[in-house]
1. Looking only at region 30-45, which residues are free of Cβ contacts under 8 Å to residues at least 24 places away in the same chain and part of a strand (DSSP E or B)?
2. Being in the same structural domain as residue 172 (by TED's automatic domain parsing), in contact with a helix residue (DSSP H, G or I) (Cβ under 6 Å, 6 or more places away or on another chain) and within 16 Å of the ligand (Cβ to nearest atom) narrows it down to one residue among 126, 138; which is it?
3. Only one of 169, 156 is within 16 Å of the ligand (Cβ to nearest atom), surrounded by 22 or more Cβ atoms within 10 Å (Cβ to Cβ) and under 14 Å from residue 204 (Cα atoms); which?
4. Give region 73-95 a look and list any residue that's surrounded by fewer than 17 Cβ atoms within 10 Å (Cβ to Cβ) and either within 16 Å of the ligand (Cβ to nearest atom) or in a helix (DSSP H, G or I) (or both), or say none.
5. Please work out which residue is farthest from residue 52 (Cα to Cα), limiting yourself to region 253-279 and to residues that are buried (at least 18 other Cβ atoms within 10 Å of the Cβ) and out of contact with any strand residue (DSSP E or B) (no Cβ under 6 Å at 6 or more places or on another chain).
6. Yes or no: residue 224 modelled with pLDDT of 95 or more, farther than 22 Å from residue 128 by Cα and in contact with a helix residue (DSSP H, G or I) (Cβ under 8 Å, 6 or more places away or on another chain)?
7. If you go through region 96-103 one residue at a time, do you hit one that is more than 16 Å from residue 4 (Cα to Cα) and surrounded by fewer than 13 Cβ atoms within 10 Å (Cβ to Cβ)?
8. Testing residue 176 on (1) farther than 21 Å from residue 282 by Cα; (2) within 14 Å of the ligand (Cβ to nearest atom); (3) in a loop (DSSP other than H, G, I, E, B), one condition comes back false. Which one is that?
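The values are calculated or read from the model by the stated rules, or taken from the named source; none is laboratory data. From a predicted model like this one, the values you see are computed outputs, not experimental measurements. Neighbour counts are summed over all protein chains in view; Cβ atoms, including those assigned to glycine, are modelled from backbone coordinates with ideal geometry.
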Ligand code: CP
């Protein structure tokens, strides 16, 4: 098979995405059947930016498949701190591993790595740009909860400017029929123009609103909350002004539809009160668990082992 990378959710066709989600569900059901499929394989996790879920779920995924993991959790503890380029780093890591997940604060850095790599590279989040494996996780969660990925009204709330998970999720869901987005953000944190321009070009229905109230939530199938991305702000004053703009608490959720699920890529800061966690509509920890199965399925797909 030709070398394949995952930079954007659009690198997988709709049919490939559906097949991968089916595989992820099968893995959850039949864990033992996949326990040795990656024996002798190695995953490198190169994280130039902090992570809990993405890095650890990639490592758990590879271990669940019988493989091993190596890598670094921050640039300070690698030769990046001595000035080594992404291009050189990946040429070196290609000698040690069979597949690599890379997170980087600079948009496009995993793409640069993919151009120099002899092993599959997975974009594990690049700046405020894309986060395709979070999107696969979100898609699996939505499909399992709602039974479909088409004809859904999705509210996206919070930092839509810097939130890379939102950009990737819009790109992927926009390929399905009957998708409508409600974009809920302060004026200063609206979706970047290139994303809304792309939606208009494809004829995707969307509205932009500021308030997160009963009126906004009344027809939503999914409310996808996001945190304000502190690390992408140029000054702390703006972050402090924006950080508590939205707080979904129990009282607010009581005014939402009974079948509106709440998702969040996590980490959460203050935007979802902990009293929401007990509500059966709060599904963000299900998302976390789904992230492991999706990454197991992706590793097999990119290593061309899914039929083995
Ligand atoms: N959702 C997500 O990307 O979380 P981490 O930053 O902890 O990896």
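1. Of all residues in region 30-45, those free of Cβ contacts under 8 Å to residues at least 24 places away in the same chain come to 30, 32-33.
Those that are free of Cβ contacts under 8 Å to residues at least 24 places away in the same chain and part of a strand (DSSP E or B): none in region 30-45.
2. Details: 126 fails: in the same structural domain as residue 172 (by TED's automatic domain parsing).
Among 126, 138, only 138 is in the same structural domain as residue 172 (by TED's automatic domain parsing), in contact with a helix residue (DSSP H, G or I) (Cβ under 6 Å, 6 or more places away or on another chain) and within 16 Å of the ligand (Cβ to nearest atom).
3. Details: 156 fails: under 14 Å from residue 204 (Cα atoms).
When all the criteria are applied, what remains is 169.
4. Selection gives 74, 76, 77, 79, 81, 82, 87, 88, 91, 92.
5. Initially, region 253-279 is screened for residues buried (at least 18 other Cβ atoms within 10 Å of the Cβ), giving 253, 256, 261-266, 271-272, 276.
Within this subset, residues satisfying the condition of being out of contact with any strand residue (DSSP E or B) (no Cβ under 6 Å at 6 or more places or on another chain) are 253, 256, 265-266.
On the way: 253: 27, 256: 30, 265: 11, 266: 9 Å.
Out of the qualifying residues, it is 256.
6. Values: modelled with pLDDT of 95 or more: yes; farther than 22 Å from residue 128 by Cα: no; in contact with a helix residue (DSSP H, G or I) (Cβ under 8 Å, 6 or more places away or on another chain): yes.
For residue 224, the condition - modelled with pLDDT of 95 or more, farther than 22 Å from residue 128 by Cα and in contact with a helix residue (DSSP H, G or I) (Cβ under 8 Å, 6 or more places away or on another chain) - is not met.
7. Here is the first cut: in region 96-103, the residues more than 16 Å from residue 4 (Cα to Cα) are 96, 103.
Then drop every residue that is not surrounded by fewer than 13 Cβ atoms within 10 Å (Cβ to Cβ), which leaves 96.
Taking every residue of region 96-103 in turn, at least one turns out to be more than 16 Å from residue 4 (Cα to Cα) and surrounded by fewer than 13 Cβ atoms within 10 Å (Cβ to Cβ).
8. Residue 176 satisfies every listed condition except (2).
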